[in-house]
Amino acid sequence: MTNRIIAVINQKGGTGKTTLALNLAAGLSKRGATHLVDADPQRSITQWVGMGGGNSGLPGVAQLAGNPTAVLTKLVRSYRYVVVDCPPTVQGETVAAIMHIANLALIPVLPSPIDLWASVDMANAVKKAQQDNPGLRACLVLNQLESRNALSREMREVVTEFDVPVLASGMQRRAAYRTAAVEGLSVYGVGKRGKHAVADIEAIIEEVLCL
Ligand SMILES: Nc1ncnc2c1ncn2[C@@H]1O[C@H](COP(=O)(O)OP(=O)(O)OP(=O)(O)O)[C@@H](O)[C@H]1O
Ligand SMILES: [Mg+2]
């Protein structure tokens, strides 16, 4: 697995970046040392992890203060997986620096063509970043799926028009994602209530580890 720095990114707000970053990091931490990085001035992931106190079992969160490249380079020396929760923008030096060093960009998108088209700029930004960082891989991750088959088939037709591939696995719309956030936990930490959401995240991880 060469995808050691995983940036969860989309310039569109509310597509599930923080939800995916946190739960992905929780699942990855069962496979190897994992650290989160909060690159979003909204500080959502820092608050989420902070809410769980010291007993959440969640990976630590580093702030992206100062030079992003230096922070990420340092972390990747000590951690097998570094998961970066990005702000809802493709503008600015911070996002450019993250894309320059990341191994994988995961782009969560909502399962409607309108939402997907709002992510076109993101796909284009990834393509641009790949010119400087040819090792950067990128995938769309469908989020808030209501019915795995019907909706994802419709979406898959739309996403064929993007140059960025879509993961076969996605996140269904599930209350467990919200309740875990309210409790400052990952879906791994909420017992049986998180069972199906854990299965979503495990499938995403297995797919990502095989890229
Ligand atoms: N699969 C899901 N099922 C149910 N609720 C979800 C799911 N994914 C995300 N949510 C909820 O949708 C909202 C937006 O998710 P989230 O904060 O992860 O998006 P974001 O892309 O990080 O937003 P922002 O652009 O503001 O950083 C949150 O309330 C979250 O709990
Ligand atoms: Mg967020």
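The values are calculated or read from the model by the stated rules, or taken from the named source; none is laboratory data. Fair warning: this is a prediction, and the values are worked out from it, not measured in the lab. Note that each Cβ is placed from the backbone with ideal geometry, even for glycine, and that neighbours are counted across all protein chains shown. Accessible surface is based on the protein model in full, side chains and every heavy atom, while ligands, DNA and RNA are left aside. Shrake-Rupley method; radii C 1.70, N 1.55, O 1.52, S 1.80 Å.
Assorted remarks:
The rows are residues; the columns are (1) away from ligand 2 (no atom under 11 Å from the Cβ); (2) in contact with a Pro (Cβ under 9 Å, 6 or more places away or on another chain).
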| residue | (1), (2) |
| --- | --- |
| GLY14 | no, yes |
| VAL37 | yes, yes |
| VAL49 | yes, yes |
| GLY57 | yes, no |
| ASN67 | yes, no |
| LYS74 | yes, no |
| VAL90 | yes, no |
| THR94 | yes, yes |
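- Of the residues in the range 1-24, at least one is of a type in the set (A, V, I, L, M, F, W, C) and over 25 Å from VAL182 (Cα atoms).
- Only one of the numbered conditions (1) touching a strand residue (DSSP E or B) at 6+ places or on another chain (Cβ under 6 Å); (2) more than 15 Å from ligand 1 (Cβ to nearest atom); (3) of a type in the set (Val, Ile, Thr) is not met by VAL71, and that is (1).
- Screening the range 77-96 for residues that are of a type outside the set (Ser, Thr, Tyr) and over 17 Å from the mean Cα position of the chain (by Cα) and picking the one that is nearest to ASN124 (Cα to Cα) gives GLN91.
- Among the residues making up the range 186-211, those that are in contact with a helix residue (DSSP H, G or I) (Cβ under 8 Å, 6 or more places away or on another chain) and assigned to a loop (DSSP other than H, G, I, E, B) are SER186, VAL190.
- Filtered residue count, the range 1-60, keeping only those that are within 11 Å of ligand 1 (Cβ to nearest atom), more than 23 Å from VAL120 (Cα to Cα) and of a type in the set (A, V, I, L, M, F, W, C): 3
- Condition met for THR19 (assigned to a helix (DSSP H, G or I), under 12 Å from the mean Cα position of the chain (by Cα) and within 10 Å of ligand 2 (Cβ to nearest atom)): yes
- Residue, farthest from ligand 1 (Cβ to nearest atom), within the range 173-188, restricted to residues that are in contact (Cβ under 8 Å) with a residue 40 or more places away in the chain and over 11 Å from GLY52 (Cβ atoms): TYR188
- Which numbered condition ALA123 misses (of (1) within 21 Å of ARG4 (Cα to Cα); (2) more than 16 Å from ligand 2 (Cβ to nearest atom); (3) under 14 Å from the mean Cα position of the chain (by Cα); (4) open to solvent by less than 30 Å² (accessible area, probe 1.4 Å)): (3)
- Selection status of ALA25, within 15 Å of ligand 2 (Cβ to nearest atom), under 20 Å from GLY170 (Cβ atoms), among the small types (Gly, Ala, Ser) and at pLDDT 95 or above: yes
- Among the residues listed as GLN47, GLN42, GLN11, the single one being open to solvent by 50 Å² or more (accessible area, probe 1.4 Å) and part of a loop (DSSP other than H, G, I, E, B): GLN42
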